[in-house]
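Taking it in order: structure first as structure tokens, then the write-up.
Computed from the coordinates by the stated procedures, all read-outs in this text should not be read as laboratory data. Small disclaimer: the values here were computed from a predicted structure and weren't measured. Cβ: placed from backbone, ideal geometry, glycine included. Neighbour counts: every protein chain shown.
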Amino acid sequence: MDPQVEGANIRNPRKSMARILRAMPVIRTLAFAALSSLAALVHLSTSMAAAGGPEILKLDPPNWWPGHSINPVMILIRGNNLGGAKVEIAARDVKGTILKTSQSGTYLFLNLWVEPGARPGPRIIKLTTPVGTAEARFEISAPLAREGRFKGLSVDDVIYLIVPDRFSDGDAANNDPPRSIGMWDRTKARFYHGGDLQGIIDHLDYIKTLGATAIWLTPVYDNVDHLNSLEQYGDGPITDYHGYGAIDFYAVDEHLGTLSKLRELVDRAHQMGIKVIQDQVANHTGPYHPWVSDPPTPTWFNGTEANHLSCDWQTWTVIDPNAAYQVRKSVLEGWFMNILPDLNQNDPEAARYLIQNTLWWVGMTGLDAIREDTVPYVPRSFWSAWTRAIKREYPQVNVLGEVFDGNPALVGSFQGGRPGPDGVDTGLYSLFDYPLYFQIRGAFAQGKSIRDIPRALAADWLYSNPNALVTLLGGHDVPRFMSEKGADVAGLEVAQTFVMTTRGIPLLYYGDEIAMTGGGDPDNRRDFPGGFPGDPRNAFTPSGRNGPEQTVFEHVQKLASLRALLAPLRRGKQVDLFVSDQQYCYARIAGTQSVLIAINNDIVPTAFDVSVAPALLSDGATLFDQLGKAAGLKVSGSSVRVELPARSAAIYTMK
Ligand SMILES: [Ca+2]
Ligand SMILES: [Ca+2]
Ligand SMILES: [Ca+2]
């Protein structure tokens, strides 16, 4: 059954959904055009297929826009008996030619030319074979107004990462949907817990109050509607609650909501001055994607379910001048865990499909940036073409890429704006600063030397734009900071101060603002307390937070407000002034304005002298700690004497 046809928004139509509904393909065969019941439609069209006539089940994409930089748009039609079909579109402003048909007759690729002045509304695509005719409705959509949308991530942002299933349940009706019953169980760490898009909408004010300016949600693609028994961890089948196992790249998972709900979320976020970053995956599909047993082209995937490479994770080989092609191949073409079907971006139709899909989500929702999953496992030439296509249509929309590696030479090679070692400019705006992340954990949780921090920053020359890197002390793929050996609240706060004041764009992982604990995946994705019906307390409100939680929350809030207030913390050049085994002092300097940050990572109080001439501070200047924990400073000659309590940090500005 086609998930898009069956979408919940069709069952519960609302006024605001009208536009989305119009965009959905209404699929019918000629003989049954008058049918109004979608359930009956699917049933009956199946019997049509048995009769040998052509049948259309799905259009990817189901709609497109006039005046778009991609024209013709490639429509992948899934159905039956499509071999030898001829296409007819009764419209003067839309023309279609058949590009190819799969040998099985279950896929047909159509090039669709849309006249720039084409009026929004439906067009009927008619496919005819000697045995019969099938029709499907394709929608020409009015582009969303650009004002206030498609803004792109910038150094001024603070990102808040949410795993939607684990944040807040705003709609109990989608917890155990009829279509995918039996996947919801809050006692099981790898089952759906009921969080959804409505729950995020309901807590945008919380995110705003905290001080984040952008939200990143793990993928909202439709994932498989039954238990996943292929990927197991010793306790039976799991679910793909995390969203990374798409079975339909053109639909929102029914546990999270609908496409119109996602649009509503983006609009509501924009109204509150919050950007939205969509998590996308171009490397692989979920193991149950219908393409796996019947790929649209013979080379759609790298290998087949029965015969493929397994990914060996040796990502450095993709830029290693000494790596043999065969070694690199298992990184680029291997299936994750030997399970996840690896898309082949060298297949021209697969590449077009993926590029169009990215632009479709942006165009349908008005989102601002993309977080791209598993970047090193895809040919860099594809990223180059993909980012150029994004820029052509949405010049401000940019991409934050995941290269999960501690080696800055590898991560840096993926940042765009200049050719990489292979001559390819990926066009990626930002990468997660994992090289720095590992040092943050080492110093501020495990108590290792703080020198490792400036030592990591010394590799900034390997990046085309270090200020655009996304800095983090935690995320959904690593154990929580507070569950790291040696971690305590004081160390967490120092780490947060560092992340929010050093160069880069800070990432806050939901729950770290209240010092949540949790080990490795999936324990690091516990439900946010208060986000779910029946929770004993509500940590979204001050009265629902215990003492340490409230202290950490207020600390992060203060840091975010200082970041908003003080331009050097966002845009300033970072100048390291002093480092010893457990003390570190640096300035952020923008124009004539500077901010001084001092950290004592030791378990005892400390005092040290710092020469502040490079930070544009002159004799007699007085400085004040914005965090209110350290004494003020007075510049004497060209230096200050910093005095800090144990495990603490100060952010000094001129009074
Ligand atoms: Ca729900
Ligand atoms: Ca699903
Ligand atoms: Ca791959």
task = Taking H placed 1.01 Å from N in the peptide plane, check which residues at least 5 places from Ala214 or on another chain put their amide H under 5 Å from its amide H.
result = Val158, Tyr160, Lys275
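For a Förster distance of 35 Å, can you work out the FRET efficiency between the beta-carbons of Asp235 and Gln446, rounded to the nearest 0.05? Could the numbers behind the result be given before it?
Details: r = 30 Å, r/R0 = 0.85.
After rounding to 0.05, the efficiency reads 0.70.
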query = So, counting K/R as plus one and D/E as minus one, what does the shell of residues with Cβ under 15 Å around Leu569 add up to?
reply = +4
key: Cα shape, region 505-655, gyration tensor, a/c 1.5 rule   = prolate
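Let me make sure I get this right: for region 275-330, a, b and c are the square roots of the gyration tensor eigenvalues over alpha carbons, sorted descending. Under 1.5 in a/c it's rounded, otherwise prolate if a/b > b/c, else oblate. Which is it?
Details: a/c = 2.63, a/b = 1.20, b/c = 2.19.
Because a/c hits 1.5 or more and a/b fails to exceed b/c, region 275-330 counts as oblate.
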note = Length gained, Asn307-Gln550, 0.36 nm per residue minus C-alpha separation, equals 82.1 nm
ask   = For the Cα atoms of the chain, what angle does the longest principal axis make with the long axis of helix 259-271, in degrees from 0 to 90, nearest 10?
value = 30 degrees
query = Could you give the angle, 0 to 90 degrees to the nearest 10, between helix 380-393's Cα long axis and the longest principal axis of the Cα atoms of the chain?
reply = 80 degrees
query = Each residue of region 431-445 in order: what ³J(HN,Hα) in whole Hz does its phi give by Karplus 6.51 cos²θ - 1.76 cosθ + 1.60, θ = phi - 60°, with x for Gly and Pro?
reply = 10, 5, 8, 5, x, 6, 3, 5, 6, 4, 4, x, 6, 8, 9
request  = Note the angle between two axes, namely the Cα long axis of helix 38-50 and the longest principal axis of the Cα atoms of the chain, as a number of degrees from 0 to 90, rounded to the nearest 10.
outcome  = 60 degrees
query = If you plug each phi of region 620-631 into the Karplus form 6.51 cos²θ - 1.76 cosθ + 1.60 with θ = phi - 60°, what whole-Hz ³J(HN,Hα) values come out, in order, with x for Gly and Pro?
reply = x, 5, 10, 10, 10, 7, 5, 8, x, 9, 10, 5
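Tell me the volume per residue, in Å³, of the convex hull enclosing the alpha carbons of region 570-655.
On the way: hull volume 7.0 nm³, N = 86.
In region 570-655, the Cα hull volume divided by residue count equals 82 Å³.
If Lys and Arg each add +1 and Asp and Glu each add -1, what is the summed charge of the other residues whose beta carbon sits under 10 Å from the beta carbon of Val327?
Numbers: positive: Arg328, Lys329; negative: Asp312, Asp320.
Once positives and negatives cancel, what remains is 0.
So if R0 is 25 Å, what FRET efficiency would Ala646 and Ala459 give, r being the distance between their Cβ atoms, rounded to the nearest 0.05? Numbers along the way, then the final one.
Values: r = 30 Å, r/R0 = 1.18.
With R0 = 25 Å, the Cβ-Cβ based efficiency is 0.25.
Just need the relative contact order of the chain here, percent rounded to a whole number, with Cα pairs under 8 Å and 6+ apart.
Numbers: 1485 pairs, mean separation 63.5, N = 655.
It comes to 10 percent, rounded to a whole number.
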task = Express as a percent, rounded to the nearest 5, the fraction of DSSP beta bridges in the chain (both residues included) that run antiparallel.
result = 70 percent
query = Using all Cα-Cα distances in the chain, what percent lands in each 10 angstrom bin from 0 up to the longest?
reply = 3, 15, 25, 25, 17, 9, 4, 2, 0, 0
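Starting with the highest mean, order 92-102, 459-469 by the number of other Cβ atoms within 10 Å, averaged over the residues of each peptide. List each step's numbers first, then the result.
On the way: 92-102: 15.7, 459-469: 18.7.
Put in order of decreasing packing, that is 459-469, 92-102.
Kindly state, to the nearest 0.05, the FRET efficiency for Met272 paired with Leu616, given R0 = 35 Å and r defined as their beta-carbon distance. Could the numbers behind the result be given before it?
Details: r = 36 Å, r/R0 = 1.02.
Rounded to the nearest 0.05, the efficiency is 0.45.
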request  = Quickly work out the Ala172-to-Lys86 label distance, labels modelled 7 Å from Cα along the C-beta direction, and quote it in nm with one decimal.
outcome  = 5.8 nm
query = Whole-Hz Karplus ³J(HN,Hα) for region 164-178, in order, using 6.51 cos²θ - 1.76 cosθ + 1.60 and θ = phi - 60°, x for Gly and Pro?
reply = x, 5, 10, 9, 7, 8, x, 8, 5, 5, 9, 5, 9, x, x
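Taking loop as defined by DSSP and a crowding limit of 11 other beta carbons within 10 Å, which chymotrypsin sites (Phe, Trp or Tyr not before Pro) in region 197-262 fit?
Tyr233
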note = Pseudo-spin-label distance Ser580 to Ser293, built 7 Å along Cα→Cβ, given in nm, is 6.8 nm
task = Could I have the simple spin-label model distance between Glu115 and Val327, label points 7 Å from Cα toward Cβ, reported in nm to one decimal?
result = 5.8 nm
Fully extended contour minus Cα-Cα distance, from Phe438 to Asp320, at 0.36 nm per residue = 40.2 nm
